[in-house]
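**Student:** The following block contains the structure, expressed as structure tokens.
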Amino acid sequence: MLKVMRFSLFLCFALILLLPVSCDKKKDEPDDPSGPGVNKVMLSTDKSCYTPGETVVFNSDKSISAGATVRYRHLNLILEESPVAGNTWSWQPPSTDFTGYLAEVSVVKDGTETILGSIAVDVSSDWTRFPRYGFLSAYPEMTSASINYVVSNLSRYHINGIQFYDWHFDHHKPLAGTVENPAAVWKDIANRDTYLTTVRSYIETAHSFNMKAMFYNLAYGALSNAFADGVSDQWYLFTDQNHTNKEFLHLSSPMFKSNIYLTDPSNSGWQQYLAQRNRDVYQVFDFDGYHIDQLGNRDRTLYDYSGQTVGLPAAYQEFINAMKADMPDKKLIMNAVNQYGQQNIASSPVDFLYTEVWGPNDDFEDLARIINDNNAFSNNSKSTVLAAYLNYDMAGSSGYFNTPGVLLTNSVIFAFGGSHLELGEHMLATEYFPNNNLQISGQLRDALISYYDFLVAYQNLLRDGGQLNTPDLSCSNTDVSFDSWPAQPGKVAFTGREFEHLQVIHLVNFSRATSMKWRDNRGTQPEPTELKNLNLALDAGKTVSQIWIASPDRNMGIPETLDFVETAGKVTFTVPGLKYWDMIVVEYN
């Protein structure tokens, strides 16, 4: 995003050639032992998510020999089991809406079962119930094969919505040309060429994978030429009561077309003007909605043309209401920069809550708190996506993301019910989305696939109700420090979510963490040592019928049933291993 506090650091990145996420190990790729790395075959599906009644088509990168079996699970329940062979097959999931599944392929040889691979399936009629948000950041002249490569890669992570970052012409006039004669190519704010055919093809390809396309724009941006395009001087925000000095974002580099001058989001004239410009966009491009951006707390008093103070949080709510009233069938999302205005945004008709996280929200504890606050603001009715940029200080030069920093951060975000905006043509390290200096290693790629499979397969426990709680849990291993959330360095942190007939417990391994700063600015967070055979005791207070465990770090996310002993309401059991994140599920009679 274009943010005053950081933006000047990244002017030099605008002209970097964008590369897709790498799938091949490069010469200088770090030796990275993290991640599951146990798939014998790489599975994929023909869509990122499915509406109830749709058939799922599975593909395998290697031919599966006759005699293999595929199982379809919902949580720890096996729904169906059938033989499978070859490179492709199909499955008809149950018609239940908003449900996650896990498919696993196995083969038995000499009496021993080997899991060949697994993949999750999301059946949801509305992507915003469980949003997994990705991005695009450049639209040069591209072949359809290149576009399909990018989008199909995102589909493997089950990305179900895409933010089209900086696709537009001018902020106050996002469509270049006219509805009748749209421009074939135009310059974005950073004077990069953007092609009509590329934007359209990306949207069409995203839709073919059942992903939704959201166009990005500020709520209140106008460039220096806006008056000639019909923007009234009476619609702006001013830093004085005499409407002499317009509030603006200073972009001094010659690479930018203009400074960005801020209009009043609550001004009805501006709302009507931009609503019409958006209608123009929708007539030319088949976008599914509007991703609304802001510039955060301006830290000064702002005035409208008449000299009245403007409170931006309330103004955002009025703006969103106006956009929804104009196009009620389109989705709306608004960035709450560091939670600025989020309570007002949550009360408006946005479809999920989106927070771009900055200091002082630097600790893992802050990520969890933001998700919990968003749940409270929306009465637990809207999911949360965090734009949280990893290895930030490394992004000024080429290199690789640090796997432990990424996986610990995702463990916390996912365990508390959120999702992470991080994947596009590359992985995000900064708020200027075209910056692709940091690459994903092959091992991190495999780990992220496992994590996103896990997020989908267990979405009904991670993001679908329940009440956060702190279970009465203890660990008897003398060499392990174990404590309830908030996380502390050198310890395993646990937190819980309680449902009517089960208790979910998340374990996150900070036993070797050298910092509790989630951003891992310099990529120094060390890989945790896997902790084995953790002897746990839970004061359940109810009769336990079953305990099982699943993790994105082991067994390809497939659940394992645990033996337990129950005595006078206390249950003891052993967790076989903990690398980054385990989820334990205790089911009651």
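The values are calculated or read from the model by the stated rules, or taken from the named source; none is laboratory data. Given the structure is predicted, the values throughout are model-derived calculations rather than measurements. Quick reminder, even Gly has a Cβ in these numbers, built from the backbone with ideal geometry, and neighbours come from all protein chains shown.
**Student:** Taking into account only those residues within the range 170-194 that are under 20 Å from ASP288 (Cα atoms) and under 26 Å from the mean Cα position of the chain (by Cα), which is surrounded by the fewest Cβ atoms within 10 Å (Cβ to Cβ)?
**Tutor:** Only one residue fits best here, namely THR194.
**Student:** Please return the ranges of helices (runs of 4 or more DSSP H) entirely within the range 332-415 where 1 or more residues are under 18 Å from the mean Cα position of the chain (by Cα) and either within 24 Å of ALA322 (Cα to Cα) or modelled with pLDDT under 95 (or both).
**Tutor:** 342-346, 364-377
**Student:** Right, another one. Is it the case, given these coordinates, that LEU507 is aliphatic (A, V, I, L, M), crowded, with 21+ Cβ neighbours inside 10 Å, under 22 Å from ASP363 (Cα atoms) and not assigned by TED's automatic domain parsing to the domain that holds ASP393?
**Tutor:** yes
**Student:** Quick one: in the range 70-104, which of the residues that are of a type in the set (Asp, Glu) and under 26 Å from the mean Cα position of the chain (by Cα) is farthest from SER60 (Cα to Cα)?
**Tutor:** Per the stated criteria, the residue is ASP97.
**Student:** From the set of residues in the range 304-335 that are of a type in the set (Asp, Glu) and in contact (Cβ under 8 Å) with a residue 40 or more places away in the chain, which is farthest from GLN234 (Cα to Cα)?
**Tutor:** ASP326
**Student:** Next question, about the same structure. Return the total of residues in the range 533-589 being among the β-branched types (Val, Ile, Thr), in a loop (DSSP other than H, G, I, E, B) and either surrounded by 15 or more Cβ atoms within 10 Å (Cβ to Cβ) or assigned by TED's automatic domain parsing to the domain that holds LEU407 (or both).
**Tutor:** 1
**Student:** Continuing with this model, one more query. State yes or no: is GLN317 within 17 Å of VAL337 (Cβ to Cβ), of a type in the set (S, T, N, Q) and in a helix (DSSP H, G or I)?
**Tutor:** yes
To keep it simple, each residue is scored yes or no on (1) surrounded by fewer than 22 Cβ atoms within 10 Å (Cβ to Cβ); (2) in a loop (DSSP other than H, G, I, E, B); (3) of a type outside the set (Lys, Arg); (4) in contact with a strand residue (DSSP E or B) (Cβ under 8 Å, 6 or more places away or on another chain).
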| residue | (1), (2), (3), (4) |
| --- | --- |
| LEU461 | yes, no, yes, yes |
| SER474 | yes, no, yes, yes |
| VAL480 | yes, yes, yes, yes |
| PRO489 | yes, yes, yes, yes |
| VAL492 | no, no, yes, yes |
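**Student:** Moving to a separate point now. Being at negative phi and free of Cβ contacts under 8 Å to residues at least 12 places away in the same chain is true for just one of GLU141, GLU180. Which residue is that?
**Tutor:** From the options GLU141, GLU180, the qualifying one is GLU180.
**Student:** Let me ask another. Test THR69 against the criterion of being of a type in the set (S, T, N, Q) and outside any strand (DSSP E or B), and give yes or no.
**Tutor:** No, not satisfied.
**Student:** Condition (residue is closer than 21 Å to LEU455 by Cα, of a type in the set (Ser, Thr, Tyr) and not in a strand (DSSP E or B)) applied to the range 516-531: is it met by at least one residue?
**Tutor:** no
**Student:** Which of (1) part of a helix (DSSP H, G or I); (2) acidic (Asp, Glu); (3) at pLDDT below 95 is the odd one out, the single condition ASP299 does not satisfy?
**Tutor:** Among (1) part of a helix (DSSP H, G or I); (2) acidic (Asp, Glu); (3) at pLDDT below 95, ASP299 violates only (1).
**Student:** Moving on. Hey, among VAL150, VAL70, VAL105, which residue is in the same structural domain as ASP286 (by TED's automatic domain parsing) and either crowded, with 18+ Cβ neighbours inside 10 Å or modelled with pLDDT of 95 or more (or both)?
**Tutor:** VAL150
**Student:** Take the conditions surrounded by 18 or more Cβ atoms within 10 Å (Cβ to Cβ), modelled with pLDDT of 95 or more, outside the structural domain of ASN402 (by TED's automatic domain parsing) and under 17 Å from GLN459 (Cβ atoms) and apply them to VAL56. Does it pass?
**Tutor:** yes
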